[in-house]
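Structure first, commentary second.
What follows is calculated from the coordinates using simple rules that are stated; it is not laboratory data. Please read these numbers as outputs of a predicted model, since none were measured by experiment. When we count neighbours, we look across all protein chains shown, and the Cβ atoms used for this are built from the backbone with ideal geometry, even at glycine.
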Amino acid sequence: MSSINYSEKIPNNVNLGEDRTLQRALEGWQPNFINWWDDVGPDGSTNHEVYLRTAVSVDPQGWAQFGHVKMRDYRWGIFLNPGDANREIHFGDHKGEKAWQDVPGEHRANLRRIIVTQGDTEPASVEQQRHLGLTAPSMYDLRNLFQINVEEGRHLWAMVYLLHKHFGRDGREEADALLQRTSGDENNPRILGAFNEATPDWLAFFMFTYFTDRDGKFQLSALAESAFDPLARTTKFMLTEEAHHMFVGESGVSRVLSRTAQVMNELKTDDPQKVRAAGAIDLGTVQRYLNFHYSVTIDLFGADQSSNAAIFYSSGLKGRYEEGKRTDDHVLKGQTYKVLEVKDGQLVEKDVPMLNALNEVLRDDFIKDSVAGVGRWNKVLEKAGIPTRLVVPHKAFNRQIGALAGIKMSPEGRVVNEMEWAAKKDEWLPSPEDFAFVASLMGRVVEPGQFAGWIAPPVMGINRQPVDFEYVRFG
Ligand code: BYC
Ligand code: FE
Ligand code: FE
């Protein structure tokens, strides 16, 4: 069950060959996917051979095989974690009943919406990152970008499989629409805000993979609890790939900090202009990028009070992060949770029904996890003897979704008026000038073992290969 059949056009471990209608439908979607990849996937990459890992089995041990492949020939496919025939629903109103192998009619519309929203983010991120290959700081980083891109492509396949297999005609239409919306397109944008923002440079890319791919971790973990077993099993496997995406972000920012600290120490300065003149990224700019990506990403958890979230949980469609490790009743009726609200222009806490606050619960879990990594970034500065520390901004800073969207906040959590916001915005969020400066550093460095001057080399290579390994063979 867990080994993957690569002899078929669409690699899979779901016995696709036994369902001819589904197989034909997916084989009909496949060329559209390849056209999409050619049109808006990684720019100018068609003939490169990239040292990629490909899944060979979904077992926790040794699922990956490494080798040079053209990304177009990457074996995108359908891989579900092994199933447990006796699995029970363990939260919500259906707690204790058998998990569903098919979609119950009454939950069809909501499940489709969740799967479409999840699926939409995957190709969106590939579109957002499509030009980055042209300005890679090293061949090692280029390879990591491409690895992430092919895996996000596979995550799209994972959701398209569910739509085709379980949602009939509307599922097929939704699968087509996933290739038609485009990140940042005014007329047909991606569904969620963060996925229509630009990822203009590699500092943005590292922040995106640290913060936004971590939204992926938390949303996928919540879906991995789903009563709809095929969704639970496919998202579990997707999570194994997500770890590398977040690693790229965390280590990427660490390497930026390490290089900046080195320059600051060499020049014995904390003057941002001097740091910039020496070709490194000043810590103020890093902090502003962090503020932006953090605030845009916490919006992805949705409104702090949401009847959708209550319905998704009670009907068993979406659980909480690590639902199984929690010791409450897993039904949550009559319980409350604290959310923030704006009252007379000030923030106040209030208790609301827990079920309606589940978006906030997941956001708070995300925040805890994000803050831990920011602490690890600060260790890099501490070790280098630099007193500056990075911090995540206040939860209400720069929010566009939910109750906090109505308020202007400083990163420290002070309510400010429109005038102060306008005056300070460029100290709190990346300014056009910051973007222009970071863009000016983005040259293309792709000789094996060479690194751009604004980033330190990694501690080790990929799959125990040396750092100066030929990770990409240019065609
Ligand atoms: N932008 O009741 P609410 C990943 C809308 S990342 C724009 O809170 P709900 C990845 C919302 O649609 C993981 N609109 O909504 C990472 C609703 O609209 P309507 C992605 C937004 O549905 C990196 C209204 O506001 N997966 O995998 O409870 C690279 C009221 O909101 C936004 C998922 O998100 C926004 N940010 O919660 C690659 C999991 N937020 O109906 C990949 C599936 C809310 O009033 N999605 N709205 O017109 C969900 O579980 C839920 O849809 C959400 C939103 C948590 C996102
Ligand atoms: Fe993904
Ligand atoms: Fe990801």
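Some notes on this structure:
- Taking label positions 7 Å along the Cα-Cβ direction at both Glu173 and Ala439, the computed distance is 4.0 nm, reported to one decimal.
- Extended-chain gain in nm, criterion 0.36 nm per residue less alpha-carbon gap, Thr327 and Met460: 43.9 nm
- Computed packing ranks the peptides 351-363, 370-382 as 351-363, 370-382, most packed first, by mean other Cβ atoms within 10 Å.
- Entry note, the chain: the mean residue ellipticity at 222 nm calculated from DSSP H runs of n ≥ 4, each adding -39500 (n - 2.57), is -15000 deg cm²/dmol after division by the residues and rounding to the nearest 500.
- Shape category assigned to segment 175-235 from the gyration tensor of Cα positions, a/c cut at 1.5: oblate
- Legend: helices of the chain (whole DSSP H runs) are marked when their alpha-carbon atoms reach 27 angstrom or more along the helix axis and their mean Kyte-Doolittle hydropathy is at least -1.0; marked are 20-40, 108-128, 139-166, 229-267, 358-383.
- Taking a point 7 Å out from the Cα of Asn417 in the direction of its Cβ, the residues of segment 331-350 whose backbone N falls within less than 15 Å of it are 345-346.
- Pairwise label distance in nanometres, Glu106 with Leu134, each label 7 Å out on the Cα-Cβ vector: 5.3 nm
- Per-residue Cβ neighbour counts within 10 Å put Glu186, Glu8, Glu122, Glu323 in the sequence Glu186, Glu8, Glu323, Glu122, beginning with the fewest.
- Residue exposure proxy: Phe247, Phe218, Phe312, ordered by other Cβ atoms within 10 angstrom of their Cβ from fewest to most, comes out as Phe247, Phe218, Phe312.
- Applying 1/(1 + (r/R0)^6) with R0 = 25 Å to the Cβ-Cβ distance of Asp38 and Glu447 gives a FRET efficiency near 0.35.
- If you plug the beta carbon distance of Glu470 and Thr46 into 1/(1 + (r/R0)^6) with R0 = 25 Å, you get a FRET efficiency near 0.85.
- Inter-site label distance for Ala198 and Ile367 at 7 Å from Cα along Cβ, in nm: 3.1 nm
- Prolate/oblate/rounded call for segment 293-411, Cα gyration tensor, a/c under 1.5 rounded: oblate
- Value of Rg to Rh for segment 360-475 (Rh from inverse mean 1/r over Cα pairs, i.e. Kirkwood): 1.07
- Loop-located GluC sites (Glu not before Pro) in segment 93-136, at most 13 other Cβ atoms within 10 Å (DSSP): Glu97
- DSSP beta bridges fully contained in the chain are about 90 percent antiparallel.
- Expressed as a whole percent, the proportion of Cα-Cα pairs in segment 16-473 lying more than 32 Å apart is 41%.
- Debye-sum result for segment 209-293 in log10 I(q)/I(0), which assumes one identical scatterer on each alpha carbon, at q = 0.11, 0.20 Å⁻¹: -0.45, -0.86
- At an R0 of 22 angstrom, the distance between the Cβ atoms of Lys9 and Asp59 translates into a FRET efficiency of 0.40.
- Ordering His164, His244 from the fewest to the most neighbouring beta carbons within 10 Å gives His244, His164.
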